[in-house]
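Asker: I'd like to ask some things about the structure below.
Only the coordinates and a few stated rules stand behind these numbers; no lab work does. None of the values given here were measured: they were computed from a predicted structure. Cβ atoms come from the backbone with ideal geometry, glycine included; neighbour counts cover every protein chain shown.
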Amino acid sequence: MELLWALFLGVVGVAATAFALLFSWAVYYDFSRTRVPPGLAHPWKLRLIHWVFIMIITAGEICELLGLCRQVAVVRFITELRRTRLDPSLFSKDLHFDGVPVRVYYPKAPSAGLRRGLVFCHGGSGMFGSIALYQNICNVIAKEADLVLVSVGYRLAPEHPYPTQYQDCLTATLYFLQNTNAYGVDPSQVIIGGDSAGGNFASVVTQKLVGRTDVPKLRAQVLIYSGLQAMDFNLPSYQQNSAIPSLYRDSVICFGTKYFGKSTSLCDDILKGSHVPDEMRLKYGKWVSADNIPERFKRRGYQQVPLAPYKPEVYRQFPELLEVTFSSLFTEDSVIRQLPETLIVSCEYDVLRDDSLLYKKRLEDSGVRVSWFHAEYGVHGVLNTCNAGFLTFSTAIEILDKVVDFVKSL
């Protein structure tokens, strides 16, 4: 008995020491590198969330270095410990749409006619996130907008390499469009949306469906602080928000290399733009330019930085970054002109802010109807705090309200 008690105390002691070291490292890292946005109502909320994030990422790195498991496995395991409940006003069913796992949310209240439908693609850099993790967000949208929501559980990288993620979202969307009546949905009122990487996948799916006559057309798309180009990482928002949680500029490129299964040794060259061939600079430069960003978004110390000289060896190792199935901003004008009505959500203190602004301008210039909500004090990933108790940011509620209002206005 004494031996068991001694072992128990030893395990508790090791765990407590490890936690203390991780916590100390997270606090040090945060205060030494992070810039908290001025005017943020609750800066300590952001810091606390960031400390937890750093601890999880660091624990994953340690486990990978020790050969215990991959970093992504640790991050997924810990984030999935959070349990969410289905809103009592909704039903849900876990199904498969042509082999792709989905969770379908239905309002319990009867409807006088067919409802709208929304296909939602969750964020997480294509490597993290899940149907379960995004249930709170889906609860709010399905309930408040009174629609049938399909949350897509696409397969994750690196186990399932690009382009598996957008292809799974496309497969699920096609199935839903072909079977809307089975779910009480008006086939002319199907919307697709997502946040962060999920918004990227949603934008690609929408482009892929342009011109198809075998399925109903999408009614609209909702793109929430999405990554939409991988050409220039020195646009104003990338400079201004490079050290603001929850997404540093360095992290965007690091996560991108891991998502594609590439070496992180490429990060520095990609940050400088050496991966972009000269012909692509000429072709895409008119769309990816700080000149297309309104002046008010350049006031926080922006300095124009041209792309570094092209290095063919970098592009050859990583051509996927500039494919239209990842950098959806680069699709042809003939596709852009046919895109459906769009809601774009951007956050002021988000490195990806200018991706949204550039896509917004490109859509508007092509005659696409665009609604835009800009969260003045928003940070990347804020939507995931929508039901986090005292850690909830009001901006998360605002964004969800705007999404609901947009959907109901269609």
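Asker: What relative contact order, as a whole-number percentage, does the chain give when Cα pairs under 8 Å and 6 or more residues apart are counted?
Answerer: For the chain, the relative contact order is 15 percent.
Asker: For the stretch 283-348, what class follows from the C-alpha gyration tensor (a ≥ b ≥ c being the square roots of its eigenvalues): rounded when a/c is under 1.5, otherwise prolate if a/b is larger than b/c, else oblate? Before the final figure, lay out the partial values.
Answerer: Working: a/c = 2.12, a/b = 1.06, b/c = 1.99.
Verdict is oblate for the stretch 283-348.
Asker: Students often get this wrong, so check it: of K108/K143; K258/K360; K286/K361, which have C-alpha atoms separated by over 21 Å? Mind dumping the intermediate values first?
Answerer: Numbers: K108/K143 9 Å; K258/K360 28 Å; K286/K361 11 Å.
Where the Cα-Cα span goes over 21 Å, the pairs concerned are K258/K360.
Asker: DSSP H helices in the chain with Cα extent of 30 Å or more along the helix axis and mean Kyte-Doolittle hydropathy at least 1.0? Could the numbers behind the result be given before it?
Answerer: Numbers: long enough: 2-33 (46 Å, 1.33); 43-65 (33 Å, 1.04).
Passing helices, by number: 2-33, 43-65.
Asker: Straight-line reach from K262: which aspartates and glutamates have Cα under 12 Å away, leaving out those fewer than 8 places along the same chain?
Answerer: Partners found: E320.
Asker: Rank these for me by crowding, S24, S328, going from fewest to most other beta carbons within 10 Å.
Answerer: Details: S24 11, S328 28.
The most exposed by this proxy come first: S24, S328.
Asker: Moving to a separate point now. How much length, in nm to one decimal, is gained on full extension between E279 and E64, taken as 0.36 nm per residue of separation minus their Cα-Cα distance?
Answerer: 73.5 nm
Asker: Another question, then. With a sphere of radius 15 Å drawn around the Cβ of K298, what net charge do the other residues whose Cβ falls strictly inside it have (Lys, Arg +1; Asp, Glu -1)?
Answerer: Numbers: positive: R296, R299, R300, R353, K361; negative: D232, D291, E295, E348, D354.
Residues near K298 contribute 0 overall.
Asker: Another one. Could you work out the relative contact order of the stretch 236-322, using alpha carbon pairs under 8 angstrom and six or more residues apart, expressed as a whole percent? Each step should come with its number before you reach the end.
Answerer: On the way: 65 pairs, mean separation 32.6, N = 87.
Taking the mean separation of contacting Cα pairs over the length of the stretch 236-322, I get 37 percent.
Asker: Sticking with this structure for a sec: Please return the longest range in the chain lying between exposed loop sites, taking GluC sites (Glu not before Pro), DSSP loop only, at most 12 other beta-carbon atoms within 10 Å, and leaving the sites out. Before the final figure, lay out the partial values.
Answerer: On the way: sites that count: E159, E332.
Excluding the exposed sites themselves, the longest stretch runs over 160-331.
Asker: Tally Lys and Arg at +1 and Asp and Glu at -1 over the other residues with C-beta under 15 Å from the C-beta of G126: what net charge comes out?
Answerer: Details: positive: R70, R76, R155, K258, K262; negative: E159, D168, D195, E320, E323.
Surrounding charge for G126 is 0.
Asker: Decide, for the stretch 236-322, between rounded, prolate and oblate: order the square roots of the alpha carbon gyration tensor eigenvalues as a ≥ b ≥ c, take rounded if a/c falls under 1.5, and otherwise choose prolate if a/b is larger than b/c, else oblate. Mind showing how you got there, number by number?
Answerer: Details: a/c = 2.28, a/b = 1.25, b/c = 1.83.
Oblate, because a/c is 1.5 or more while a/b does not exceed b/c.
Asker: Roughly speaking, what is the stretch gain from N292 to A15, that is 0.36 nm per residue apart minus the C-alpha to C-alpha distance, in nm to one decimal? Numbers along the way, then the final one.
Answerer: Values: separation 277, 0.36 × 277 = 99.72 nm, distance 5.13 nm.
Taking 0.36 nm per residue and subtracting the Cα distance, the gain is 94.6 nm.
Asker: Right, here's the next one. Quote to one decimal, in nm, the extra length available between E332 and I397 on full extension: 0.36 nm per residue of separation minus the C-alpha distance between them.
Answerer: Full-extension gain reported as 19.9 nm.
Asker: Taking the chain as a Gaussian network, where each spring joins two C-alpha atoms under 10 Å apart, which residue of L147, L339, L95 fluctuates the most?
Answerer: L95
Asker: Another question about this same structure. What nm value, rounded to one decimal, do you get for the distance between L48 and Q303 when each label is placed 7 Å out toward the C-beta?
Answerer: 3.8 nm
Asker: Need one word for the stretch 337-406: rounded, prolate or oblate. Basis is the Cα gyration tensor (sqrt eigenvalues a ≥ b ≥ c); a/c below 1.5 gives rounded, then a/b vs b/c decides. Walk me through the intermediate numbers first.
Answerer: Values: a/c = 3.38, a/b = 1.90, b/c = 1.78.
Cα axes put the stretch 337-406 in the prolate bin.
Asker: Moving on to the next point. Going by how many other Cβ atoms sit within 10 Å of their own, how do R116, R70 line up, fewest first? Spell out each step's value before the answer.
Answerer: Values: R116 20, R70 15.
Ranking R116, R70 by Cβ neighbours within 10 Å, fewest first, gives R70, R116.
Asker: Shifting gears a bit: May I ask you to sort F297, F393, F23 by Cβ crowding, counting other Cβ atoms within 10 Å and putting the fewest first? Intermediate values should be presented prior to the final figure.
Answerer: Details: F297 19, F393 24, F23 14.
Sorted ascending by nearby Cβ count, the order is F23, F297, F393.
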